[in-house]
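Scroll down for the structure; my scribbles are underneath it.
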Amino acid sequence: MEISPSQHGAPTRSQQDSTRGEARLSKPTYLPEDLTAELEIRVRALYADKSVLPQHNFEHVLQVREAVKPLIERCEKAGIPIDRVALDHAILLHDLLYAVDHQKLGFESKEALSADYAEKLLLELGAPLEHARKVKEIILATHHQKEPQTPEEILIRAADLSNLAGDYKSFRATTHRLHEESRINGNAGISFQEFVVRSYRFLSFFTASQLELTDGARTSDGKSEWHENVFSNLQRLHAEAFGTEEQSVLVIVGREALDRVMLEPPRAG
């Protein structure tokens, strides 16, 4: 069975081969009993309220948890081992300190701040150093400029971005939550139109990567189904924001950039 990001994604056999040298990363380490339960209790209390972060709150964590389940199943059916516990801990912690000013604390990104805190918290709760570091690396893979390498890193990235290529209603709702989040946190004057333009540019970092995860996840004309779905959502959002179906220069340039990515052959690892 072919698996693609549009079907929730999973690493290919070729990607499994490419990470064979890092096979230890997919082997769960010994963890104290009930660590996950204790971790979830701790992080639920630390995530910001919806009134502060309409999108990056604990509800988002639960959504990512659900999105990753079919990905894990497809990987394991394909013979690709997944460290379920490390992946779950990374999902629980990946946006934990999103409301904190990371630059004031000397971190280059929100992901780096959350990853650093995650490692320290896991060690405090009794997790082995190997596990804590693994979780830290998985969280770092959620940064838009990081290229995920291990199966766990690929899966958290796919689950975290699952709404991009999903149904338009979900994509639109997420965009409006992010717009409101931006307004609450220092950009009160930003219009929805301006936010759409900024989002389009920002999303280009994600869509500019070759994210196709199987050799067969291509349309009849050789393009990536995932990228096609993402661009379709972006087009509809642009039309809604500006009240026209006419394509702007931004859309046209974005289309050309995505075409270059989509026509690349699937990565072999």
Failed item, numbered, when A86 is tested on (1) out of contact with any Ser or Thr (no Cβ under 6 Å at 6 or more places or on another chain); (2) crowded, with 16+ Cβ neighbours inside 10 Å; (3) small (G, A, S); (4) under 23 Å from H179 (Cα atoms): (4)
Residue that is over 22 Å from L71 (Cβ atoms), touching a His at 6+ places or on another chain (Cβ under 8 Å) and either modelled with pLDDT of 75 or more or in a loop (DSSP other than H, G, I, E, B) (or both), where the choices are E181, E194: E181
Residues of region 79-100 classified as hydroxyl-bearing (S, T, Y) and touching a residue at least 60 places away in the same chain (Cβ under 8 Å), total: 0
Criterion: of a type in the set (S, T, N, Q), part of a loop (DSSP other than H, G, I, E, B) and in contact with a helix residue (DSSP H, G or I) (Cβ under 6 Å, 6 or more places away or on another chain) - qualifying residue of N187, N163: N163
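May I ask you to verify whether K104 is closer than 16 Å to A141 by Cβ, out of contact with any helix residue (DSSP H, G or I) (no Cβ under 9 Å at 6 or more places or on another chain) and basic (K, R)?
No, not satisfied.
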Residue tally, condition in a loop (DSSP other than H, G, I, E, B) and either under 17 Å from the mean Cα position of the chain (by Cα) or buried (at least 20 other Cβ atoms within 10 Å of the Cβ) (or both), over region 45-82: 8
Matching residues, region 83-111, being of a type in the set (A, V, I, L, M, F, W, C) and part of a loop (DSSP other than H, G, I, E, B): L96, L97, A99, V100, L105, F107
Flag for A127 being of a type in the set (A, V, I, L, M), more than 14 Å from the chain's Cα centre (by Cα) and in a loop (DSSP other than H, G, I, E, B): yes
Count - residues of region 128-143 that are over 11 Å from H89 (Cα atoms) and either surrounded by fewer than 16 Cβ atoms within 10 Å (Cβ to Cβ) or at pLDDT 95 or above (or both): 6
Long-range neighbours under 7 Å by Cβ, at least six apart or interchain, first residue in contact (Cβ under 8 Å) with a residue 12 or more places away in the chain within region 129-148, second surrounded by fewer than 17 Cβ atoms within 10 Å (Cβ to Cβ) and part of a helix (DSSP H, G or I): A132/L123; H144/F205; H144/F206; Q145/F205
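The values are calculated or read from the model by the stated rules, or taken from the named source; none is laboratory data. As the structure is a prediction and not an experimental result, all values here were calculated from the model. Quick reminder, even Gly has a Cβ in these numbers, built from the backbone with ideal geometry, and neighbours come from all protein chains shown.
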